[in-house]
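Down below is the structure, laid out as structure tokens.
The values are calculated or read from the model by the stated rules, or taken from the named source; none is laboratory data. Keep in mind that what you see is a predicted model, and the values were worked out from it rather than measured. Using ideal geometry, Cβ is built from the backbone for each residue, glycine included, and neighbour counts are taken over all protein chains shown. We work out accessible area using only protein heavy atoms, side chains counted, and drop any ligands, DNA or RNA first. Shrake-Rupley method; radii C 1.70, N 1.55, O 1.52, S 1.80 Å.
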Amino acid sequence: MTFFKQTINTVPLEGETVLLRADYNVPLKSDGTIESDFRIQASLPTVKKLLADNCKVVIISHLGRPEGRDEKLSLEPVAQRLAQLLGEQVRFVDQTVGDKVKMAVKRAPKRSVIVLENLRFDPREEADDEGFARELAKSSGARYFVQDGFGVVHRAHASTAAITLLLPSVAGLLLEREYTVITNAMKSPERPFVAVLGGAKVHDKIGVIKALIEVADRIVVSGAMANTFLAYKGIQMGKSKFDENADDILEDIYAAARKKVGADKVDDFLVLPTDLAVAHELNGEVPRQIVPVSKVAADEMALDIGDATIEATVADVKDAKTVIWNGTLGMAEYPNFAHGSARLALALATAPHITSIIGGGDTADFVLHWDAKNGGSFSHVSTGGGASLELMAGDKLPGIESLLDARG
């Protein structure tokens, strides 16, 4: 599938000043240092291509959810890490708009990288304020806008929507790859195609589940989401976390599944756990205890899939050609309850014949910590959580739709 928007490869950028929207919303440690630079690394192909074209690259991003200016969420450490990864100087400006930005960009050499301060220090960013976008365009002196922050394109913010009204706007290489990989998997997957869905809320993934029912050969339901499906089927879940107001949604899901595969095959198509790892409380010390799904005690909570379910899940994906995995299979931040997620990661990482697409958010965070190759053991680890979900569901993403259309 060819990308339907113009990219940095299809417009004349040689020697131009370019405003680049990246997604540098990286996880931070308690001391303020960067915990994972995966998103910074993911932006490198675009930045290097622009530098190869002798561009002056002015990078904007957000970090966290500041309320006003918050130095703990400054992008300066990100700029320093980007400089290390690029192996060349990166200039940081502690403002996002205004004369200080204008002068810094003007003084920077033709081929250079400038990182501006956190967009969300200004409340106008999330308000999709055209005045703020106009200041971004004017202060940067940019001739083009490049959207490469896949993790934010499902939001209509000043740096994803309003800015595209003011500058010719095209996609970066990361955005193009995210879109084409995920869309190809949903529209023309190599089969068998298995989806593994975990995480917590069914409400958050209703669009994805319905879309996957249409295209997947099997859907394996895990994590706290499975608790909701099991409770819907009348199984007592004790103190487990589950969505108590999802019955109407689940009736729709099962109706769609029955329509696709027939009532007698639904449980082979929408696969639920047969056993669970439970505990009386949630902390890093409690032992992992395996029980059948029908034996969760009133004072217990399901925190991971059980051993038999792990083996069944691995078997389900082993013969697949395409696997989309979105949502951890348990409380994977605790080693005792990361068994399911770790075994699935291993099964995918050691099966080169599988096109493995890891959804963003918590799933990406887990596999990046698990994988010694920083995600390189999988075909694609998405940088976007909500964006990847909405794209899989077939939704239009405002930050992509607003870019220049590809020439016919």
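When the stretch 321-353 is limited to residues that are part of a loop (DSSP other than H, G, I, E, B) and in contact with an Asp or Glu (Cβ under 8 Å, 6 or more places away or on another chain), the one that is farthest from M301 (Cα to Cα) turns out to be K321. Annotation note: of A195, A200, the sole residue that is open to solvent by 10 Å² or more (accessible area, probe 1.4 Å), touching a helix residue (DSSP H, G or I) at 6+ places or on another chain (Cβ under 7 Å) and farther than 30 Å from L19 by Cα is A200.
Scanning the stretch 1-56 for residues that are part of a loop (DSSP other than H, G, I, E, B), open to solvent by 30 Å² or more (accessible area, probe 1.4 Å), in contact with a helix residue (DSSP H, G or I) (Cβ under 7 Å, 6 or more places away or on another chain) and among the hydrophobic types (A, V, I, L, M, F, W, C) gives a single hit, M1. Per the conditions (1) open to solvent by less than 50 Å² (accessible area, probe 1.4 Å); (2) in a helix (DSSP H, G or I); (3) of a type outside the set (V, I, T), the sole criterion not satisfied by H62 is (2). A171 meets the conditions (1) at pLDDT 95 or above; (2) within 30 Å of D129 (Cβ to Cβ); (3) open to solvent by 50 Å² or more (accessible area, probe 1.4 Å) in every case but one. The failed one is (3). Among the residues making up the stretch 367-376, those that are open to solvent by 30 Å² or more (accessible area, probe 1.4 Å) and on the phi < 0 side of the Ramachandran plot are H369, W370, A372, K373, G376. On the stretch given as the stretch 96-112, residues that are charged (D, E, K, R) and touching a residue at least 60 places away in the same chain (Cβ under 8 Å) total 2.
The condition (being within 25 Å of G360 (Cβ to Cβ), part of a loop (DSSP other than H, G, I, E, B) and either at pLDDT 95 or above or open to solvent by 30 Å² or more (accessible area, probe 1.4 Å) (or both)) is satisfied by just one residue among P273, P287: P273.
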